[in-house]
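The values are calculated or read from the model by the stated rules, or taken from the named source; none is laboratory data. Just so we're clear, the structure is a prediction, and the values are computed from it rather than from any experiment. Neighbour counts run over all protein chains shown; Cβ positions are idealised from the backbone, glycine included.
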Amino acid sequence: MLEPGSPAPAFTLPDQNGRPVSLSDYRGRRLILYFYPKDSSPDCTRQALAFAAAWARFREAGIEVVGVSPDSVASHQRFAEKYALPFPLLSDPERLAIEAYGVWQEKKRAGKPVMGVVRSTYVIDAEGVVEKGMEKVKPDSNAVELLAYFGL
């Protein structure tokens, strides 16, 4: 995990509509950048829906939400449309941001070690500095914990 106070790694990745999105696009606003393993899996769907339910409260407070996974643009588009997700999902199949943010790690699947995205969330301040890092977050409580963190 990146340490609070360190510069957030820059990125430019396509969203679910194929449009490039960069960290610098959020300069001047706080950003919740959450990394998740796979579109439409049960845990990732619950996490995305929790962020969607909290999205208006975050936006009212000037806080943006962006999800990142290694899935394709087309997969993100289907996922976002199916669940009416109101925030961008960025496609990172080459793992550029995923590795830069330190969330590509060894995990256990069926008791065997595999490499994959560890469900993690960063809060990035308006100047592009890591404010908070959360590793191995729970899909059902991640958004609620962030609402509490921001006092919303």
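List the helices (runs of 4 or more DSSP H) that sit entirely inside region 38-147 and contain at least 3 residues that are in contact with a helix residue (DSSP H, G or I) (Cβ under 9 Å, 6 or more places away or on another chain) and closer than 21 Å to Gln16 by Cα.
42-60, 73-83
Screening Ile32 on (1) farther than 16 Å from Asp92 by Cβ; (2) in a loop (DSSP other than H, G, I, E, B); (3) modelled with pLDDT of 95 or more; (4) hydrophobic (A, V, I, L, M, F, W, C) shows it passes everything except condition (2). On inspection, Leu2 qualifies as of a type in the set (A, V, I, L, M, F, W, C) and either in contact with a Gly (Cβ under 6 Å, 6 or more places away or on another chain) or part of a loop (DSSP other than H, G, I, E, B) (or both).
Does Ser72 satisfy being free of Cβ contacts under 8 Å to residues at least 24 places away in the same chain, surrounded by 14 or more Cβ atoms within 10 Å (Cβ to Cβ) and of a type outside the set (Val, Ile, Thr)? Criteria met by Ser72.
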